[in-house]
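Structure, as structure tokens:
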Protein chains: 2
Amino acid sequence: MAFNTRTKIKEVLALEPTGQDTIVMGWVRTFRSNRFIALNDGSTPNNLQVVVNYENTSEALLKRITTGACLKISGQLVHSTGSGQKVELQASHIEVLGDSDAEKYPMQPKKHSLEFLRENAHLRMRTQTFGAVFRVRNAIAYAVHQFFQQKGFVYWHSPIITASDAEGAGEMFKVTTLPLDGTAPKNDDGSINFKEDFFGKATNLTVSGQLEGELAAMAFGDIYTFGPTFRAENSNTTRHLAEFWMIEPEMAFYDIEDNQNLAEEFIQYLIRYTMAQNAEDLRFLDERLKEEEKALPQDKRSEMGLIEKLQFVVDNKFERITYTEAIEILLNSTPYKKKKFQYDVQWGIDLQSEHERFLVEKHFKKPVIVTGYPAAIKAFYMRLNDGCEPGRETVAAMDILAPGIGEIVGGSQREERYEKLVARMEAMHIPTHEMSWYLDTRRFGACPHAGFGLGFERMVQFVTGMTNIRDVIPFARTPKNAEF
Amino acid sequence: MAFNTRTKIKEVLALEPTGQDTIVMGWVRTFRSNRFIALNDGSTPNNLQVVVNYENTSEALLKRITTGACLKISGQLVHSTGSGQKVELQASHIEVLGDSDAEKYPMQPKKHSLEFLRENAHLRMRTQTFGAVFRVRNAIAYAVHQFFQQKGFVYWHSPIITASDAEGAGEMFKVTTLPLDGTAPKNDDGSINFKEDFFGKATNLTVSGQLEGELAAMAFGDIYTFGPTFRAENSNTTRHLAEFWMIEPEMAFYDIEDNQNLAEEFIQYLIRYTMAQNAEDLRFLDERLKEEEKALPQDKRSEMGLIEKLQFVVDNKFERITYTEAIEILLNSTPYKKKKFQYDVQWGIDLQSEHERFLVEKHFKKPVIVTGYPAAIKAFYMRLNDGCEPGRETVAAMDILAPGIGEIVGGSQREERYEKLVARMEAMHIPTHEMSWYLDTRRFGACPHAGFGLGFERMVQFVTGMTNIRDVIPFARTPKNAEF
């Protein structure tokens, strides 16, 4: 006998009420005056108002209707006069599926700090804020797939455990079944004998699926990955996670301009989809952000509201400038002249967060795509631009900088010319013999190609307005923290 | 200046040819008689026939049109008379984007063994077989998201790195930044001081996202995960991977019957979607399987062709039986009576692969859902059935067994009753104090809920007919193997 006979509250709220029999199941958010239950089932940020006939309800049952309790309620759906909503449910039968001791339940019907909720991450998705954040996260994730599938891209699973440590994108976590206590088998020279490890060699958690993605692009043309990636960096900031999700499309026959066009269209698509599908969640998050920023001095508050900002990003082309132009803008800027930047500005530097924020938030006031970075500060696989002045070699790299977030996308046209790629790898001390599988794509049927990586959590931050990246992933992994 | 001006071959093949100017880019599969190029760009298993005007083409260029070479071809699209296809491209300009030395290119225009292709997994997706396999994999993955999103499920990212090792689903990989050589910091008692490790405690790669998924189901109602999971088991079989992708839906307000209904509908949806979207890939794989099975004796061949089997699965209800019924069927079976089973049959055993295959392939000849397994052989979180005979306690577990694959889904209604769950955990020596976050779902607003796990690669095997699981994931991770 199937148990699930409920209608989801999102659907109930959209019904035309005619007194029809309706069954809902969900959790009590509040219970006022022994009469009005605000019931939520996670399908929408909005609660259904349930009216209890308290004269016909036992005292014992009324006492069990507490915040967090799980109820099954049958009743009639009628027009609501008072609740600010079109409908309310006149309860005819209430069953408590699961009690919630109001004294002990951590999620009280009051405002909790984000820090407190982070420590109770196993329950925080029951709050309005995190309900909205994770529904938006879900919407963006699905929009990622829709966008690429509609264009005929192939979803590609690059490996998570990898023996390759050549990408140099960051510190890696070791993956092993060997003991850590010194009893791991050793070679004659005292080094660990990884032949005895599970995979017969030293392995790590991937920092990027790009290189394997390039292999696939040389077969399918257009592919994308969407999977977890890892950095063992001791960065305790609001922008870094040790485990995060990344989307990495890779396209054969794309140059750096095609790459920029796709990335811009992609970001706008994700926002537009979420605005259409999750309007109520975004309205809530917009209000939340305004509320949060009231505590800040005027000059630290966002110039635009959340929804206003998102609308602006989908309505306006991204600014496109070269790295060299960016440096000139910075050199001519007031903060530079007034020595307000902490880091120096000159051609060749890696742009610091303060520089990126100036460009995006003060100068252009919109997302900016910066291309043509110095070769010396970028990865080996990026394509060397032709015709550079000696000493001013640049690569066909692109970073997309977003207001309030900084770098949200990093990408490049790839170096498809075998000799140039090998020369670059050798100059950067990357062992080419370990990468022969990668170099095969340049030996056999190479072609111009390009790709980029979008940090999924940074995108969710951008859309939800959450300032700490730990608040947009279900269970954050950061230095000294792997709870739940 | 954007480079990508091509039309994908999948689209070109569907065009009405009127001599229109067309640009294609792709890789040479074959080049016959200095005249006919079979060009493939990975968008479809089918090649576009390109006709070269060899009298107007230099000898030097003709020589570079080799298997695997990457070409950009402009020409006119015309009716084809001979190629078995509606259209062909009369080349007016051919540019070699990337050469491929025919002597050295591993992917020759001939039949390679699956073993050889596994060793060349970085290039195998350029073959017809693996092109089809990975396009089907892509289709199933997208269908997973479509299915759940249409039903309002929230896509949920359970953590990959976890400090929880209580699920007991299998051996785990350690994740660490500590040195392995014995210099890791130690406690006074000689044990490793994991406070000094990256996360401040011992961490592993997840074996399942279910427990964290249950937390989310108690907030959103219906959720699903789709992510990588890991087993450090030394199983060198055609059915096991150390790294594989799993889909784990978890639903509040579902009992075991709702769970079965959803799982059956889900599997049928995935197959129906793929049959509609990837008909040509499946036709190719159907032929490939027939060809492969020609080498087998008659009685080892599949009774149905691949497409016939898939059609049968979507057209017929799955058989539903209890474990107790399954045991009775096995005890009455010819192989049991003739002592052909390697493993004994009696109530209480874990069904072995040979038993499952008998039920599915010989007895019912269709997918079978088995429910009500003995509690003693199942996980702690499965709901104890009420009213069992003492000594014959069963749980509300379900396994879905598929022809040719065996177990493809494992699931259960979860034990939502706090006392019963804690008693079961204690009996199974699971430390309840480390799992208090999980137990909170039973303390606060518990409800009947259920879920299951679908091994994604097993599903891809089922749909593609590939007999080795290493052939349905881009880069297989297995004991002593983590190439690419």
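Worth a mention:
- Charge-dipole axis of the stretch A:9-108 as Lys and Arg at +1 and Asp and Glu at -1 on Cβ define it, positive-most pick from A:Val50, A:Gln20, A:Tyr105: A:Tyr105
- log₁₀ of I(q)/I(0) at q = 0.06, 0.08 Å⁻¹ - the protein assembly as shown, Debye sum with one point per alpha carbon: -0.47, -0.85
- Taking the centroid of alpha carbons for each part, the stretch A:385-410 and the stretch A:115-174 are 25 Å apart.
- Peptide B:391-397 has a mean of 0 when you count, residue by residue, the C-beta atoms of other protein chains within 10 Å of its C-beta.
- For chain B, averaging the sequence separation of C-alpha pairs within contact (under 8 Å, six or more residues apart) and dividing by the residue count gives a relative contact order of 14 percent.
- Shown is the FRET efficiency for B:Lys300 and B:Lys337, computed with R0 = 30 Å from the Cβ-Cβ distance and rounded to the nearest 0.05: 0.85.
- Computed over the stretch B:354-484, the percent of Cα pairs more than 25 Å apart is 43.
- Under 5 Å, built H, 5+ apart or other chain: amide partners of B:Arg320: B:Ile369
- Bins of 5 Å from zero: percent of alpha-carbon pairs in the stretch B:263-422: 1, 8, 15, 17, 17, 15, 11, 8, 5, 2, 1, 0
- Here's the list of lysines a cross-link from A:Lys362 could span, going by alpha-carbon distance under 22 Å and ignoring same-chain residues fewer than 8 apart: A:Lys290, A:Lys294, A:Lys300, A:Lys309, A:Lys317, A:Lys337, A:Lys338, A:Lys339, A:Lys340.
- Whole-percent carbon and sulfur share, accessible surface of the stretch B:9-108, 1.4 Å: 46 percent
- A simple packing score, the average count of other Cβ atoms within 10 Å per residue, orders the peptides B:145-152, B:55-62, A:131-138 as A:131-138, B:145-152, B:55-62, with the highest score first.
- Point-to-point label distance, A:Ala423-B:Ala279, nm (Cα→Cβ direction, 7 Å offset): 5.2 nm
- Average beta-carbon neighbours from other chains, 10 Å sphere, peptide A:119-126: 5
- Fraction of the pair-distance distribution of the stretch B:164-277 above 24 Å, Cα-Cα pairs, percent: 48 percent
- Distance between the stretch A:19-34 and the stretch A:280-341 - C-alpha centres, whole angstrom: 42 Å
- From the Kirkwood radius over Cα pairs of the stretch B:102-159, Stokes-Einstein at 25 °C and 0.890 mPa s returns a whole-number translational diffusion coefficient of 175 µm²/s.
- A crude spin-label estimate for the pair B:Lys290 and A:Leu114, with each label 7 Å from Cα along the Cβ direction, gives 6.1 nm.
- Averaged over A:3-10, number of beta-carbon atoms from partner chains that fall within 10 Å: 5
- Area hidden from solvent between B and A (accessible, protein heavy atoms only, 1.4 Å, total, Å²): 9600 Å²
- Normalised radius of gyration (Cα atoms, divided by 2.2 N^0.38 Å) for the stretch A:9-108: 1.00.
- Percent RCO, i.e. relative contact order, over the stretch B:159-233, from Cα pairs under 8 Å lying at least 6 residues apart: 42 percent
- Projected label distance in nm at A:Thr81 and A:Asn468, using a 7 Å step from Cα toward the beta-carbon: 4.5 nm
- Ellipticity estimate at 222 nm from DSSP helix runs (n ≥ 4, -39,500 (n - 2.57)) divided over chain B, nearest 500: -8500 deg cm²/dmol
- With 50 Å² as the minimum drop in accessible area between chain alone and full protein complex (1.4 Å probe), the qualifying residues in the stretch B:19-61 are B:Trp27.
- Sequentially through the stretch A:377-387, phi angles give Karplus couplings (6.51, -1.76, 1.60; θ = phi - 60°) of 9, 10, 6, 5, 8, 7, 6, 5, 6, 7, x Hz, Gly and Pro residues having no value and appearing as x.
- Judged by the gyration tensor of its Cα atoms, with axes a ≥ b ≥ c, the stretch A:48-194 is prolate; a/c meets the 1.5 cut and a/b is the larger of a/b and b/c.
- Calculated on the Cα set of chain A, radius of gyration then Dmax: 26.8, 88 Å.
- A:Thr18 accessible area, 1.4 Å probe, all protein chains in place, Å² to nearest 10: 110 Å²
- At a Cβ-Cβ separation cutoff of 4.7 angstrom, cysteine residues of the protein assembly as shown with no neighbouring cysteine are A:Cys388, B:Cys388.
The values are calculated or read from the model by the stated rules, or taken from the named source; none is laboratory data. Treat the numbers as computed from the prediction; the structure is a model and nothing was measured. Please note: Cβ atoms are built from the backbone with ideal geometry, for glycine as well, and neighbour counts cover all protein chains shown. Ligands, DNA and RNA are stripped out before the accessible areas are found, and what is left, the full protein with its side chains, is counted by its heavy atoms. Shrake-Rupley method; radii C 1.70, N 1.55, O 1.52, S 1.80 Å.
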